[in-house]
Amino acid sequence: MKVERTERICPICGKLYTGIPATSRIDNFTLICPDCGTRQALETLGISQEEQEKILSIMHSHQPK
Ligand SMILES: [Zn+2]
C-alpha cells in the first residue's frame with residue numbers, strides 16, 4: 001500500500017506537516033496537523049492546555065525520528 005507523503009500547512013499552528021491530517025472538530029472540514037487534532041480531542045475531554053502540551057511532548061518523545 002502506498003502512503004502519501006503530501007506536505008500541508010496546518011491552519012491552526014502554521015506548521016508544515018506530512019502524514020495523515022486530522023479533521024478539525026470546529027467545522028468538520030478543515031484539515032489540521034495530527035498535533036492540533038490531538039489538542040482538540042483532549043480539549044473535548046476537558047483537559048487543560050497545560051496538560052495537552054504535556055501529553056503531546058510525551059507522544060513526541062515516543063516517536064522514532
Ligand atoms: Zn497544527
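Structure summary
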read-out	value
Condition met for C13 (within 16 Å of M59 (Cβ to Cβ) and assigned to a helix (DSSP H, G or I))	no
Residue match in the range 39-48 (condition: part of a loop (DSSP other than H, G, I, E, B) and surrounded by 12 or more Cβ atoms within 10 Å (Cβ to Cβ))	yes
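Since every read-out is calculated from the coordinates, none of them should be taken as a lab result. Everything numeric here is computed off the predicted structure, so don't read it as measured data. Cβ atoms come from the backbone with ideal geometry, glycine included; neighbour counts cover every protein chain shown.
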